[in-house]
Each structure stands twice: as C-alpha cells, then as structure tokens.
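Colleague: Below is one structure. I have some questions about it.
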Amino acid sequence: MSIRRPVLALIVPVLALALAALADEVASGIPEGGAVPPFKVRAITGDEAGQTLCYICKNQGAPEAIVFARSDNDGTTALIQDLNEYATANAEKGARAFVVLFGDTDTVDAWAKRLAEDDGVTIPICALDADSADATAEHYALNQDVPTTVLVARDNKVRANHAFADEPCAGCVSSVHESFAAAVDIP
C-alpha cells in the first residue's frame, strides 16, 4: 500500500497534463494521408513576384512544407525562417517550401516584404486573392481560428499536419522541422 500511493502521486499529475494537452489540440488542415489539391496564389516575393501560379503544380509532388499564416508574430516568423533555411539547404534533395499569408492586401504585402527583406526569407511568400481565399481554406480544411497551419507533403499526400492555436513555440518549430526532414529523406 505504501508504494502505491507515491506511484499514484506521480502518475496522476502526468496523466492530467497529458489530458490537458489533448484538450488544447486544434484541428486545421488536411489530415495525414489526405491528398493535397492544387490552388493558385499571387506570388508577393521571389522571381515570380506579381504572378498568379500554383506551387503545388510547380513542385510536382516534391517534398514540401506549406505554411498557412494568419497572424504575424515572432513564433511564426521563426517557423518560416527555419523552413526557409531547411528548404534552401536541401534543395538538391527536392525540398520545397512556400508560405501563404491571409489578410487584406496591404497588410499581407507589407508582411511578406518584411519577411523577405528584414528576415531573409527566400522561399516564395504568397497570398490568395479575395475570390479564392475562402474556397482554398475550405478545400484545405483550414480552421479560421487557427493562426498558423503547416502541412508537410510528399507525392501530393500530407505526411504531417501541424496546427498552432497560439504563436508557434521553439519546440513546435523543431517538431515541424523534423516532419519536413522526414518527408525529404524518404528514399
């Protein structure tokens, strides 16, 4: 009896924390195994700036990280910078990444330019036009209350889905990075 109480005293708080973490999970984005449908964006930065194109089509099933961001904050910037560095360093393995920003045109354009100019992001930063934003969000099952959703795909199938109800933390960035690395390193 005396051994059970200390063991239970350790297990109960751990279980409570685990259940609380599960309760805080949010759903946003196509689930693992789901198909990644093509969609058009307006490129704001990079060689294709000003053009409307489909990066899903252009990447032709290559391993890719797709960031859907609604909120400009330090955690999202750190996440985008990390994916930018990884995609750039692993381009010879086919790694691709792009960012889709949600918001009004002036805000999104300024945010994209700051990411490119001040934060050194070289992966494509894009926006959806007003006519297609709702349809794309619906096709991608994006929760409008979730500020950042990252889909990691390969062969146009979702390999990992990361949705952040709050600003992504350092551990969250590492988790997305590991998912992206795993998708790139599949033989």
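Colleague: State the dimensionless ratio Rg/Rh of the range 120-187 (Rg: radius of gyration of Cα atoms; Rh: Kirkwood radius).
Modeller: Ratio of gyration radius to Kirkwood radius: 0.98.
Colleague: Output needed for the chain: three equivalent-ellipsoid semi-axes, defined as square roots of 5 times the C-alpha gyration tensor eigenvalues, in descending order, whole Å.
Modeller: Details: eigenvalues 220, 66, 53 Å².
Result for the chain: semi-axes of 33, 18, 16 Å.
Colleague: Given charges of +1 on the Cβ of Lys and Arg and -1 on the Cβ of Asp and Glu, with all other atoms neutral, how large is the dipole of the chain about its Cα centre, in debye to the nearest 20?
Modeller: The dipole of the chain has a size of about 800 debye.
Colleague: Note the angle between two axes, namely the Cα long axis of helix 105-117 and the longest principal axis of the Cα atoms of the chain, as a number of degrees from 0 to 90, rounded to the nearest 10.
Modeller: Approximately 80 degrees, to the nearest ten.
Colleague: Can you tell me the length gained on complete extension of the stretch residue 139 to residue 169, counting 0.36 nm per residue apart and subtracting the Cα distance?
Modeller: That pair, residue 139 and residue 169, stretches by 8.1 nm at full extension.
Colleague: Also: If you average the sequence gap of Cα pairs under 8 Å that are 6 or more apart and divide by the length of the chain, what percent do you get for the contact order? Let's see the in-between values first.
Modeller: On the way: 318 pairs, mean separation 59.3, N = 187.
Once normalised by length, the contact order is 32 percent.
Colleague: Another question, if that's okay. About the Cα centre, and with charges only on the beta carbon of Lys, Arg (+1) and Asp, Glu (-1), how big is the dipole of the range 109-187? Nearest 20 debye, please. List each step's numbers first, then the result.
Modeller: Numbers: 5 positive and 14 negative charges, 74 e Å.
Computed charge dipole of the range 109-187: roughly 360 debye.
Colleague: Test of understanding: extend the Cα→C-beta vector of residue 113 to 7 Å, then name every residue of the range 44-58 with backbone N under 15 Å from that spot.
Modeller: 44-46, 49-50
Colleague: Can you tell me the orientation of helix 130-139 relative to the chain, as the angle in degrees between its alpha-carbon axis and the longest Cα principal axis, to the nearest 10?
Modeller: It works out to around 40 degrees.
Colleague: Report the one residue of 112, 101, 142 whose Cα lies farthest in the direction of the positive end of the charge dipole of the chain (charges on C-beta: Lys and Arg +1, Asp and Glu -1; origin at the Cα centre).
Modeller: Final value for the positive-end residue is 142.
Colleague: Additional query: Return the FRET efficiency for the residue pair residue 105, residue 57: r is the Cβ-Cβ distance, R0 is 30 Å, and the value is rounded to the nearest 0.05.
Modeller: 0.80
Colleague: Where does helix 4-24 land angle-wise versus the long Cα axis of the chain, in degrees 0 to 90, nearest 10?
Modeller: 20
Values quoted throughout were computed directly from the atomic coordinates according to the rules given, and no laboratory measurement underlies them. The structure displayed is predicted, hence computed values, not measured ones. Positions of Cβ are backbone-derived with ideal geometry, glycine not excepted, and every protein chain shown enters the neighbour counts.
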